[in-house]
Structure formats: C-alpha cells, structure tokens
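Remarks on the structure that follows.
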Amino acid sequence: MVKREETTGIIFLSILLLVTLLASLSVSALPSIDNCNSTAGIVINASSEVNNSIKSNGTCITIGADNVTFDCSGFTLTFGINLTQNGELPAAGINISNRNNITIRSCTIVLGDQNSNVTRMMGINITNSTNVTILNTTLHINASAGNNRGILIMNSSRTRIEQIVIRVRNGSGNYGLYFVGSTNNTVQGANIT
C-alpha cells in the first residue's frame with residue numbers, strides 16, 4: 001500500500017518535471033531584422049519582425065519564400081535613399097514576387113528621397129503572387145516625378161489589403177493602389193490621398 005505522502009510527492013515531482021519540459025519546448029521569438037543598409041537590401045526567407053527603424057539605398061526587403069509573415073512592429077522602413085536614375089530602379093520598400101501566403105503588417109514605408117525626380121518607386125510591389133495580406137500599414141511615396149506606386153499589384157490574385165494609409169505626391173502617373181492583370185483582390189479601410 002502506497003502512503004499518502006509518497007503519492008503527493010510523486011504527483012508534485014511529475015508536475016515539476018512537466019513544467020520543466022514545457023519550458024524547454026517554448027516557442028522562440030521570430031527572427032528580428034535590424035538593418036537593410038545596402039542597395040540590394042535583404043531577402044527574408046522565414047517569418048520575421050523588425051526591432052527598430054531600418055533603411056536601404058534601394059529595395060529594402062525582398063520576400064524570398066512562401067508562407068512568410070513580415071511584421072514591422074510599428075517601425076519605419078525607408079527605401080530609395082540617395083537614388084539616381086542609374087541602374088538603381090525600380091526600387092521598393094518591400095518586394096513580393098512569385099510568392100504565396102505572405103503577410104505584411106504594422107509597417108510605415110517611406111520613400112527616402114522625398115523630393116526627388118525618381119520614377120518607378122513602389123512602397124510594396126506584389127507581382128505574380130497569391131494570397132498576400134497587407135495589414136495596418138502606412139506608405140509615403142513623395143517623389144515629384146511620375147510612375148510611382150504606393151502598392152503595385154500585378155498579375156496577382158487574392159490580395160487582401162486592410163487598414164492602410166497611402167500618401168502619394170501628385171505627379172503624372174502616380175497612384176496609391178495600382179492593379180494590373182490581377183483578380184479576386186479585396187481592399188477595406190483604405191485612406192489614399
């Protein structure tokens with residue numbers, strides 16, 4: 001016959017062992033991005049989050065794999081700093097090309113050369129992709145020349161854009177949202193000027 005104290009001790013040790021095991025299996029934090037300070041920017045191949053404001057001379061972030069969530073955590077991503085028209089264009093804050101199941105959230109994306117004459121700038125470029133979601137994001141594309149886009153969605157389907165603010169400077173061919181050959185897309189809660 002097992003004594004009550006022994007049973008209580010065994011239960012206590014079992015619970016302690018279980019808690020220790022669960023603590024060792026805890027989910028690690030997402031990898032963090034703290035810089036994209038080059039003309040080429042960086043390629044994100046796994047879900048990641050930003051831990052401070054980041055900048056790039058050209059494109060800042062390229063999503064390089066499917067099933068990725070990129071969370072700016074409210075920080076600013078500045079791209080296109082000190083651009084000229086010589087081989088650095090087009091540039092994007094975030095480039096998503098040939099991807100599936102991508103989520104971008106809580107970003108402020110800013111074109112760095114606010115008063116430049118650069119063209120073909122895109123806050124977010126979504127090309128040949130499916131199931132892309134953009135949430136709670138603000139874009140400032142303030143270049144004075146034309147053909148700039150807050151978000152370009154080209155040959156893509158099932159893009160969902162919610163709670164965004166896009167500010168694009170007036171210029172010939174500048175657009176906040178620009179769809180080309182895309183289907184089944186949803187925009188809700190957009191403020192575009």
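The values are calculated or read from the model by the stated rules, or taken from the named source; none is laboratory data. This one's a predicted model, so the numbers in the text were calculated from it and none came from an experiment. Positions of Cβ are backbone-derived with ideal geometry, glycine not excepted, and every protein chain shown enters the neighbour counts.
Data table
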| quantity | calculated |
| --- | --- |
| Lone unmet requirement of (1) within 16 Å of I124 (Cβ to Cβ); (2) of a type outside the set (F, W, Y); (3) at pLDDT 90 or above; (4) not in a strand (DSSP E or B) for S73 | (1) |
| Evaluation of M122 against (1) of a type outside the set (D, E, K, R); (2) within 19 Å of G64 (Cβ to Cβ); (3) in contact with a Ser or Thr (Cβ under 8 Å, 6 or more places away or on another chain) (one fails), failing number | (3) |
| Test: A190 is in a loop (DSSP other than H, G, I, E, B) and either more than 17 Å from the chain's Cα centre (by Cα) or of a type outside the set (D, E, K, R) (or both) | no |
| Count of the range 41-51 residues which are of a type in the set (S, T, N, Q), at pLDDT 90 or above and surrounded by fewer than 19 Cβ atoms within 10 Å (Cβ to Cβ) | 2 |
